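Encoded as structure tokens, the structure appears first; notes follow it.
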2 protein chains.
Amino acid sequence: MSHQDSDGTGADKEFLSTFARGLEVIRSFDTETPSMTLSAVAEKNNLSRAAARRFLLTLQKLGYVSQDDKKFGLTAKVLELGYSYLASLDFSETVTPIMEEVSYQLGESCSALVLDGVDIVYVARIPRRGLIPLNLQIGARLPAYATSGGRVLMAALQAPELEDVIEKTHFEQLTAYTKGPDALRAELQKIRSDGYAIVDQELELGMRALAVPVLDRRGTARFALNSSSHVSSVSMERIAQEYVPIMQDAAQKLTDILP
Amino acid sequence: MSHQDSDGTGADKEFLSTFARGLEVIRSFDTETPSMTLSAVAEKNNLSRAAARRFLLTLQKLGYVSQDDKKFGLTAKVLELGYSYLASLDFSETVTPIMEEVSYQLGESCSALVLDGVDIVYVARIPRRGLIPLNLQIGARLPAYATSGGRVLMAALQAPELEDVIEKTHFEQLTAYTKGPDALRAELQKIRSDGYAIVDQELELGMRALAVPVLDRRGTARFALNSSSHVSSVSMERIAQEYVPIMQDAAQKLTDILP
DNA sequence: AACAATCGTCCGATTATCGAACGGTTACAG
DNA sequence: CTGTAACCGTTCGATAATCGGACGATTGTT
């Protein structure tokens, strides 16, 4: 027996498969199948019916799923799991007010986001009044390489981690302006010296976005603040000259606050 | 028979304790302890260090936790778990636009929420421009008994379920206006005949809230729409005469859309 | 009434999980 | 640079947790 895994069986002595499978069961509920019968859950997760039933009963006893006439569905309690993460960030008291101030000064939405693999994930958001073009809620994901927030966070990575992200990224020509890996590397250099990133219609035509990194006192990037606007409402020059100082000011305030 | 547990040991043949303990480990990360050493996790969850390590390594391999110099912390990926639930509601395409319309017409925030135990949980939200008095994000909880949304959803429950909720509720005199269990029962009767609920400063002084139930075509309440405003901005009469029809109109539109 | 498609339950077989014990690392102090 | 403290990593036999095939019960349908 090898003590390393990576053999086909994948059986790792310190991998709790029951736990991992249970998490998969939670994730197997999605838009297409918001509620499933026991058998459907079993099939979707490659479990025996008996096993699927054990997972569902466990989740039910814990309050994470409810049963409605043979069909099982998630309850709002599963949001508490994600909430553990948001609570561990502890934004609501300290960070949100500063973001509201930014949103007010710019007259635009303002979001906080972190890097997770090759994606950015929204962790806080102050929306702009009016119809929201991209309806991004907390937990929403976008590809890091094509977003301003993703770029400032990538720019803050160490070389090996950055290479890892770039390698795993699936570069797609989302608009005519979307940069590829080589142009991205050059852009990251610029971002490092500038201290902010502006992305002009690379994710979606008509949208411009600005982001700055928020560092803690040790100088490590904890998350990014971003704001996006329509091309019609603001020029690139105005973003660089008016928006950037406001965002950097907010980022500095946050640095002073963060533990 | 005796196939029921409820003996002290609690060992239930169809309860996957490894899974349940793993979920607890996720939830043990909170605002006070956003990152913990292996030993801290073990202690907080009454696990041996070896066991805690297995849970953490499993979570790490799945990408839900990351390790930073002996300290473990959740990653943004745990939000995906909660996202399974939001995806299963599938609000973003259909429900949100209607809520935006309501928010625009009323000039107030508009939220969608569901009942989970004795709490309501926000599942979608269109915020009002300006400083938000209660900064409620998706996943946030409030006590059902003192909120308009909670009341319309309680009013829609069957008698035994309703009794269960009332019994489990911890009634607190949150403001001078907060109703107790008896007044609540009477109020629920009124809500059933009116088809909407207005709560006047029972949760927080200065805040009034209106909610209507959203039914599916079979007539079961799926969630509630709510809107809250400052006492200074709108009278009770205006809520009843102007706001209610707009909300009920939106609820009807949603009924036609829902599967 | 027979059928099909579910779910619930049981129980011996299997293996996943457990934890005590030991060894290693780092940090700090004398 | 020895000693101590506070961590973490690893191992392995013991044990309990989990598995799943088989059968029975239920429900809805033709």
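The values are calculated or read from the model by the stated rules, or taken from the named source; none is laboratory data. Model, not experiment: these values are computed from the prediction. Backbone-built Cβ (ideal geometry, glycine too); neighbour counts: all protein chains shown. With ligands, DNA and RNA removed, areas are computed over all heavy atoms of the protein, side chains included. Shrake-Rupley method; radii C 1.70, N 1.55, O 1.52, S 1.80 Å.
Below, the figures for the structure above:
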| read-out | value |
| --- | --- |
| Amide H contacts of A:V231 (H built 1.01 Å from N, under 5 Å, at least 5 apart or other chain) | A:M207, A:R208 |
| Where Rh is the Kirkwood radius over Cα pairs, Rg/Rh for the stretch A:31-181 | 1.07 |
| Above-threshold pairs, the threshold being 23 Å between Cα atoms, out of A:K253/B:K71; A:K77/B:K77; A:K13/B:K61; A:K168/A:K253; A:K13/B:K70 | A:K253/B:K71; A:K168/A:K253 |
| Charge dipole (debye, nearest 20) of the stretch A:17-79; +1 at Cβ of Lys and Arg, -1 at Cβ of Asp and Glu | 280 debye |
| Sequence-distant residues sharing a close amide H with B:T37 (under 5 Å, placed H) | B:F72 |
| Ellipsoid equivalent to the stretch A:90-257 - semi-axes via the Cα gyration tensor, in Å | 22, 19, 15 |
| Under 5 Å, built H, 5+ apart or other chain: amide partners of B:D116 | B:V121 |
| Rounded to whole Hz, the Karplus (6.51, -1.76, 1.60) HN-Hα couplings of the stretch B:90-95, x for glycine and proline | 6, 8, 4, 7, 9, 7 |
| Top positive-direction residue, dipole computed over the protein assembly as shown with Cβ charges, set A:S84, B:A51, A:P127 | B:A51 |
| Accessible area of the stretch B:143-259 belonging to carbon and sulfur atoms, whole % at 1.4 Å probe | 51 percent |
| Stretchable slack from A:Y104 to A:D256, in nm (0.36 nm times residue separation minus alpha-carbon distance) | 52.6 nm |
| The stretch B:17-78, accessible surface, carbon-and-sulfur percent (1.4 angstrom probe) | 44 percent |
| Across the identical copies, how the B:S233 labels are spaced - nm, sorted shortest first, 7 Å along Cα→Cβ | 1.9 |
| Most to least accessible of A:E43, A:E14 (protein chains only, probe 1.4 Å) | A:E43, A:E14 |
| Cα pair distances exceeding 37 angstrom across the protein assembly as shown, given as percent | 35 percent |
| Heavy-atom accessible area ranking, 1.4 Å probe, most first, across B:H230, B:H170 | B:H170, B:H230 |
| GNM flexibility winner over chain B from B:L47, B:L74, B:L210 (Cα, springs under 10 Å) | B:L47 |
| Highest-MSF residue in chain A out of A:Y64, A:Y196, A:Y122 [GNM, Cα springs under 10 Å] | A:Y64 |
| Cβ neighbours within 10 Å from other chains - mean over B:108-117 | 2 |
| Ascending list, in nanometres, of distances separating the B:T175 label from those of the other copies (7 Å, Cα toward Cβ) | 4.5 |
| Between B and A, accessible area buried - total, square angstrom, nearest 100, 1.4 angstrom probe | 5800 Å² |
| Accessible area in the full protein assembly, largest first, 1.4 Å probe, for B:K77, A:K44, B:K168, B:K13 | B:K13, B:K168, A:K44, B:K77 |
| Sites A:Q248 and A:L174 - FRET efficiency at Förster radius 35 Å, r taken between beta-carbons, to 0.05 | 0.80 |
| Semi-axis lengths (Å, descending) of the ellipsoid that matches the C-alpha gyration tensor of the stretch B:17-78 | 15, 13, 11 |
| Nm distances between copies for A:D194, ranked from closest, using label points 7 Å along Cα→Cβ | 5.4 |
| Sequence-separation-based contact order of chain B, relative, with Cα cut under 8 Å and 6+ spacing, percent | 13 percent |
| Sum of -39500 (n - 2.57) over DSSP H runs of 4+, divided by residues of the protein assembly as shown (222 nm, nearest 500) | -12000 deg cm²/dmol |
| Förster radius 45 Å - calculated FRET efficiency between B:R192 and A:S233 (Cβ-Cβ, nearest 0.05) | 0.45 |
| Area accessible to solvent at B:D68, 1.4 Å probe radius, in Å² | 110 Å² |
| Size of electric dipole in chain A: Cβ of Lys, Arg +1 and of Asp, Glu -1, about Cα centre, debye, nearest 20 | 720 debye |
| Unit charges on C-beta of K, R, D, E only; dipole of the stretch B:110-246, Debye | 520 debye |
| Top of B:Q248, B:Q137, B:Q60 by mean-square fluctuation, Gaussian network on chain B, Cα under 10 Å | B:Q60 |
